[in-house]
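Down below is the structure, laid out as structure tokens.
The values are calculated or read from the model by the stated rules, or taken from the named source; none is laboratory data. None of these values were measured; they are calculated from a predicted model. Here Cβ is always computed from backbone atoms with ideal geometry, including for glycine, and neighbour counts include all displayed protein chains.
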């Protein structure tokens, strides 16, 4: 009879350990999922790098950055054509979209301008 009791205790202990392992595994998986989500700074770095790889142009700055339902949306300024003097260089703004993991899903050029020019301001009554 003591042999049966030891077997039951052993099975009970094993089931308890398996249950604990399962809870730890779920908690660990939840933690890993949370860790896998890139931070906003990681998203910015990934976006700049991926855009440069696709277009061959380095990003000079990010002029807008926001989280969307699908992931992230950025507007990135790049140097398209270097000229002398520098104020005559051609710049471009690219709309860049990334998924929630920070992977680029699309981009398009939305504006092209000379570096030395500012946007025309609209005045209310004129």
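Considering only residues that are loosely packed, with under 14 Cβ neighbours inside 10 Å and within 15 Å of residue 117 (Cα to Cα), which ones fall in the range 51-83?
81, 82, 83
Of everything in the range 24-50 that's modelled with pLDDT under 65 and surrounded by 10 or more Cβ atoms within 10 Å (Cβ to Cβ), which residue is farthest from residue 110 (Cα to Cα)? Talk me through it step by step, then tell me what you get.
Step one: list which residues in the range 24-50 are modelled with pLDDT under 65, which gives 24-35.
Adding the requirement that they be surrounded by 10 or more Cβ atoms within 10 Å (Cβ to Cβ) leaves 24-31.
Values: 24: 48, 25: 46, 26: 44, 27: 44, 28: 43, 29: 40, 30: 39, 31: 39 Å.
So, considering only residues that are modelled with pLDDT under 65 and surrounded by 10 or more Cβ atoms within 10 Å (Cβ to Cβ), the one farthest from residue 110 (Cα to Cα) is 24.
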